[in-house]
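The values are calculated or read from the model by the stated rules, or taken from the named source; none is laboratory data. As the structure is a computational prediction, the values presented were derived from the model and not from experiment. Don't worry about glycine lacking a Cβ; one is built from the backbone with ideal geometry, like all the others, and counts go over all protein chains shown.
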């Protein structure tokens with residue numbers, strides 16, 4: 001198998017309005033693609049379509065040359081998706097939250113690895129603090145620790161920079177670059193410029209959906 | 001497809017096929033939910049306290065005479081247990097839905113219908129089973145005659161398994177609604193009726209000195225049917241709620 005996410009002639013209509021139509025997209029190893037557009041232009045919807053969460057759209061999504069929903073299981077096995085909500089359980093500690101995600105993905109991790117990942121995102125010393133006592137930014141960082149441990153080739157990130165401070169933003173940008181360098185692919189929606197990401201591809205959803213230079 | 005070149009791909013991030021690690025995911029989800037209940041025991045205790053409160057209302061509201069209470073006791077205990085379990089069902093998926101972990105569960109590379117069984121099992125262990133163990137104590141309060149306590153506990157334990165499974169379908173369907181609790185009751189109460197009929201039937205048989213095991217066998221058959229089919233329905237209902 002190889003990393004290849006493709007969309008062919010995608011079109012999605014909501015409440016009598018086209019969010020996007022005639023959208024073609026190919027994402028392969030080493031790509032970082034930013035989806036742009038004003039609020040309500042369908043960025044999140046597009047991400048959900050591309051990972052098979054929403055299927056009532058026209059057109060096709062293909063993983064490794066095979067169309068969803070048939071290829072869905074294989075796509076999900078290779079996908080790390082971070083949505084709007086941080087996906088952190090308030091009554092579990094940072095460590096326990098992370099451990100559940102790793103187990104869900106089928107990755108066995110030692111406590112040392114989990115601790116190192118939390119330290120990497122600036123949460124050293126907060127391993128055993130329940131998430132409800134962490135700030136919004138710190139909760140978001142627990143989510144980002146999943147990226148440190150991730151062995152998934154494809155990352156789909158919906159506004160990952162929300163509530164992250166300046167240092168965190170540049171560290172996350174660096175992480176996206178590294179992931180692409182290792183042969184991964186990143187699909188991201190954000191209002192940040194991502195100025196430090198070389199070879200950044202951009203797809204604009206304002207007006208007709210197309211890639212911009 | 002030429003844009004997806006494979007030649008230059010350093011195989012550090014390996015693309016893999018689906019299907020490994022299901023057991024680990026199930027165990028982690030089971031453990032996570034159990035820890036959740038242990039950290040917030042109030043959520044699990046509420047249905048039990050509700051059960052006890054409802055039962056204490058009957059001697060006050062009807063009559064403290066043991067003969068009369070003994071006559072209504074089986075039905076009252078069963079109905080109160082049903083309503084207590086119903087009370088806890090609304091929260092089964094709600095917290096997960098609100099904090100975004102349900103979405104992540106749906107995106108896990110495992111069959112959702114199996115992952116939800118782990119959640120339902122925790123619900124039964126922390127609601128249905130304690131209700132079944134507590135029921136004989138409350139039976140004393142209603143002057144339930146000797147000899148039917150075992151039947152009460154066992155039928156409630158098996159029956160509440162059906163209730164957790166069937167109720168989870170309704171909980172999945174209403175999780176996206178702001179006030180889904182009332183709708184949930186309307187959806188699943190009719191489905192609880194067969195369990196109630198055979199549950200109280202077993203009690204009636206035990207009280208009249210007859211065989212209650214055949215009734216238990218029917219409830220067991222319902223549980224087997226629910227175990228086989230409800231997980232698929234729960235998974236489908238969650239997909240509808242989360243993805244619209």
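A compact table of results
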| read-out | value |
| --- | --- |
| Subset of the stretch A:77-89 that is more than 17 Å from residue B:29 (Cβ to Cβ) and in contact with a helix residue (DSSP H, G or I) (Cβ under 9 Å, 6 or more places away or on another chain) - its residue that is nearest to the other protein chains (Cβ to nearest Cβ) | A:85 |
| Criterion: out of contact with any helix residue (DSSP H, G or I) (no Cβ under 7 Å at 6 or more places or on another chain) and either assigned to a helix (DSSP H, G or I) or within 14 Å of chain A (Cβ to nearest Cβ) (or both) - qualifying residue of B:78, B:71 | B:71 |
| Listing of strands (runs of 3 or more DSSP E) fully contained in the stretch A:137-213 that carry 2 or more residues being surrounded by fewer than 20 Cβ atoms within 10 Å (Cβ to Cβ) | A:201-204, A:210-212 |
| Single match in B:141, B:187, B:125, B:150 (criterion: under 19 Å from residue B:81 (Cα atoms) and modelled with pLDDT of 95 or more) | B:125 |
| Members of the stretch B:13-57 found to be more than 22 Å from residue A:131 (Cα to Cα), free of Cβ contacts under 8 Å to residues at least 12 places away in the same chain and within 14 Å of chain A (Cβ to nearest Cβ), listed by number | B:13, B:14, B:15, B:16, B:17, B:20, B:23, B:24 |
| Answer from B:114, B:144 - the residue that is surrounded by 19 or more Cβ atoms within 10 Å (Cβ to Cβ) and in contact (Cβ under 8 Å) with a residue 40 or more places away in the chain | B:144 |
| Any hit, the stretch B:81-96, residues being within 14 Å of chain A (Cβ to nearest Cβ), in contact with a helix residue (DSSP H, G or I) (Cβ under 7 Å, 6 or more places away or on another chain) and assigned to a helix (DSSP H, G or I) | yes |
| Sole residue being part of a helix (DSSP H, G or I) and surrounded by fewer than 24 Cβ atoms within 10 Å (Cβ to Cβ), chosen from B:165, B:184, B:152, B:238 | B:184 |
| Total residues in the stretch A:27-50, condition closer than 23 Å to residue A:199 by Cα and away from every other protein chain (no Cβ under 13 Å) | 8 |
| Within the stretch A:53-73, considering residues that are in a strand (DSSP E or B) and touching a helix residue (DSSP H, G or I) at 6+ places or on another chain (Cβ under 7 Å), the one nearest to residue B:237 (Cα to Cα) | A:61 |
| Per-region count, the stretch B:97-113, residues under 17 Å from residue A:157 (Cβ atoms) and more than 8 Å from chain A (Cβ to nearest Cβ) | 0 |
| Meets criteria (within 18 Å of the chain's Cα centre (by Cα), within 29 Å of residue A:28 (Cα to Cα) and buried (at least 22 other Cβ atoms within 10 Å of the Cβ)) for residue A:105 | yes |
| Selection count where residues are crowded, with 20+ Cβ neighbours inside 10 Å and either within 14 Å of chain B (Cβ to nearest Cβ) or at pLDDT below 85 (or both), scope the stretch A:8-24 | 2 |
| Residue that is under 22 Å from the mean Cα position of the chain (by Cα) and under 24 Å from residue B:227 (Cβ atoms), where the choices are B:76, B:120 | B:120 |
| Conditions (1) in contact (Cβ under 8 Å) with a residue 12 or more places away in the chain; (2) within 7 Å of another protein chain (Cβ to nearest Cβ); number of the one not met by residue A:53 | (1) |
| Conditions (1) surrounded by fewer than 22 Cβ atoms within 10 Å (Cβ to Cβ); (2) more than 7 Å from every other protein chain (Cβ to nearest Cβ); (3) in contact with a strand residue (DSSP E or B) (Cβ under 9 Å, 6 or more places away or on another chain): number failed by residue A:74 | (2) |
| The lone exception for residue A:103 - which of (1) in contact with a helix residue (DSSP H, G or I) (Cβ under 7 Å, 6 or more places away or on another chain); (2) more than 10 Å from every other protein chain (Cβ to nearest Cβ); (3) over 24 Å from residue A:188 (Cβ atoms) it fails | (2) |
| Residue in the stretch A:125-132 that is touching a helix residue (DSSP H, G or I) at 6+ places or on another chain (Cβ under 8 Å), over 18 Å from residue A:92 (Cβ atoms) and part of a helix (DSSP H, G or I) present | no |
| Qualifying residues in the stretch A:15-33 (those that are in contact with a helix residue (DSSP H, G or I) (Cβ under 6 Å, 6 or more places away or on another chain) and in a strand (DSSP E or B)) - the one nearest to residue A:155 (Cα to Cα) | A:32 |
| Lone qualifier among A:5, A:46 - being in a strand (DSSP E or B) and within 15 Å of the chain's Cα centre (by Cα) | A:5 |
| Given (1) touching a residue at least 24 places away in the same chain (Cβ under 8 Å); (2) away from chain A (no Cβ under 14 Å), number of the condition residue B:60 does not satisfy | (1) |
